[in-house]
Amino acid sequence: MIEQRPFGRTGHMSTCTLFGAAALGRVTQAEADHTMELLLAAGVNHIDTANSYGESEQRLGPWTGRYRDRFFLATKTEERTYAKAKEHLHRSLDLLRTDHLDLWQMHCLVQPDQWEQAMGPGGALEAFIEAKGQGLTRHIGVTGHYTVAGWMHKRSLERYDFDSVLLPYNYAMMQNPTYRHDFEELLELATARN
């Protein structure tokens, strides 16, 4: 079985190997079924998908609907307004055949203008806070790519106390001194906040 570790302040013991369900975006249901059977057999208990990952949520639906208690279920939206983010959330819940998520994330929030919109009045953050208050998601987070992700996540954590942040950590990215500095500062902040 795969080692499990606490996933931040969620209280969930997530397998160290998560399943990035973007891989299901362009496969048949039969291929998705085979993949999910392998995940269950290996004990993988954390799935990360997104509304923008092709048919990923649709392919996961038969499994997350049936085995909801076996998976920590995370999805994302790139919508930046309250109305569109809320619409995306309900589409995700329908496709995933569940009444709640474990983690809902603002996906790839790295552009300053999109950040202002998402975090401002009528922005996606309002939909995220509302969804958490209604029990439609247990936790909320923010994700990012590119060399500005660490810096932007620090900015996001100054605006709201998100439950998780997701960004790249690999050899190539850590060779960039600015990225490495921002990543290390973000890691220190995230560790302090559990």
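Since every read-out is calculated from the coordinates, none of them should be taken as a lab result. Just so you know, these numbers come straight off a predicted model, no measurement behind them. A quick note on method: Cβ atoms are made from the backbone with ideal geometry, for glycine too, and the neighbour counts reach across all protein chains shown.
In the chain, the longest principal axis of the Cα atoms and the axis of helix 56-66 are about 60 degrees apart.
Rounded to the nearest 5, the antiparallel percentage of DSSP beta bridges internal to segment 1-141 is 25%. In segment 73-120, which trypsin sites (Lys or Arg not before Pro) fall in coil by DSSP and have 14 or fewer other Cβ atoms within 10 Å? Sparse-neighbourhood loop trypsin sites (Lys or Arg not before Pro): none present. Evaluated on segment 59-154, the Kirkwood hydrodynamic radius is 13.6 Å, with distances taken between all distinct Cα atoms.
Fully extending the segment from ARG91 to GLU188, taken as 0.36 nm per residue of separation minus the present Cα-Cα distance, adds 31.4 nm.
Per residue, the chain reaches -14000 deg cm²/dmol at 222 nm when only DSSP H runs of four or more residues are counted, each adding -39500 (n - 2.57). Computed from Cα positions, the angle between helix 29-42 and the longest principal axis of the chain comes to roughly 80 degrees.
The chymotrypsin sites (Phe, Trp or Tyr not before Pro) found in segment 1-82 include none that occupy coil by DSSP while having at most 10 further C-beta atoms within 10 Å.
For segment 121-194, the set of chymotrypsin sites (Phe, Trp or Tyr not before Pro) satisfying both a DSSP loop assignment and a count of at most 14 other C-beta atoms within 10 Å is given as TYR146, TYR160, TYR169. Under a model in which nothing but the beta-carbon of Lys, Arg (+1) and Asp, Glu (-1) is charged, segment 4-192 shows a dipole of about 220 debye around its Cα centre. Less than 5 angstrom separates the built amide H of THR81 from those of ALA124, all sequence-distant by 5 or more or on a different chain. Seen against the Cα atoms of the chain and their longest principal axis, helix 177-192 is set at about 70 degrees.
Modelled this way, with points 7 Å down the Cα-to-C-beta line, the labels at THR17 and ALA42 are 0.3 nm from one another. Across HIS88, HIS34, HIS145, mean-square fluctuation computed from a Gaussian network of the chain (C-alpha pairs under 10 Å connected) peaks at HIS34. For the chain, the alpha-carbon radius of gyration amounts to 1.01 times the rule-of-thumb value 2.2 N^0.38 Å expected for a compact globular protein.
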